[in-house]
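Read-outs throughout are calculated quantities, based only on the coordinates presented, and are distinct from any laboratory measurement. None of these values were measured; they are calculated from a predicted model. Backbone-built Cβ (ideal geometry, glycine too); neighbour counts: all protein chains shown.
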Amino acid sequence: MHRHHHMFGDRHERHGRGHWGHWGEHAREHHRGRHRGERFMEHGDLRFVVLALIAEQPHHGYELIKTLEERTGGAYRPSPGVIYPLLSMLEDEGFIRPANAEGGRKLFEITPEGQAALDQNKAGVDAIFGRMDHLSQASRQSGHRVGRAMGNLGMVLSQRMRRPITDEQMDKMIAMLDDTAAAIEKL
């Protein structure tokens, strides 16, 4: 007998593998932002975010992944292994239904039951979208600065490699790059 874990409002049903049902334990990591282990979404939040996106307009799985990545400025991208089981669970619960098949892909729309669950949790969903907007803005700002710094490094390396270089200078340059990479990784 398979069991899943469903949490919408006060409705709790335990059917599954631990607290994450078909998602598997690894799915927990997909609920974290990619910024220093900071929690981007709490347990169950992604369900409401996906439901809200489908309420805005019908989506299929790949579109949801891309939309979430775009809405966070590339800082968060759930894997297909998280999105597709989540869509199946929402469909099993009666919160979404297939609208039609688009090129072999299921396009989902929200049901009245799904809209009621979403309405019941509107404040939480609005807060998540606020965090997503903040993350997107921060990601774009830091991405620009990092891109500029990487461009500067690339230009300097390119110019330096056009001039004669000794083995000792090459070793020193490689060591500097390796040390910098190691220092960044430890941040």
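Sort 114-123, 168-177 by packing, meaning the average of other beta carbons within 10 Å per residue, with the highest value first. The partial results should precede the final answer.
Numbers: 114-123: 15.5, 168-177: 11.0.
The most tightly packed comes first, giving 114-123, 168-177.
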| query | Under 24 Å from the Cα of Lys106, which lysines turn up, not counting those fewer than eight places away in the same chain? | reply | Lys66
| remark: Cross-link reach from Lys186 to lysines, straight Cα distance under 25 Å and at least 8 residues apart if same chain, gives Lys172
| request: Rank these for me by crowding, Ser88, Ser136, going from fewest to most other beta carbons within 10 Å. | output: Ser88, Ser136
| By counting other Cβ atoms within 10 Å of each Cβ, how are Tyr76, Tyr84, Tyr62 ranked from fewest to most? | Tyr62, Tyr84, Tyr76
| query | Got a sec? How would Phe129, Phe48 order by Cβ neighbour count within 10 Å, fewest to most? | reply | Phe129, Phe48
| said: How many angstrom lie between the Cα centre of segment 103-118 and the Cα centre of segment 76-90? | reply: 14 Å
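For Glu70 and Gln159 in one chain, what is 0.36 nm times their gap in residues minus the Cα-Cα distance, to one decimal in nm?
28.5 nm
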| task | Decide, for segment 43-140, between rounded, prolate and oblate: order the square roots of the alpha carbon gyration tensor eigenvalues as a ≥ b ≥ c, take rounded if a/c falls under 1.5, and otherwise choose prolate if a/b is larger than b/c, else oblate. | result | oblate
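How high is the relative contact order of segment 47-122, in percent, with contacts defined as C-alpha pairs under 8 Å that are six or more residues apart?
On the way: 87 pairs, mean separation 27.0, N = 76.
This gives 35 percent for segment 47-122.
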| note | Counting sequence-distant residues (5 or more places) and residues on other chains, those with an amide H built under 5 Å from that of Asn121 are none
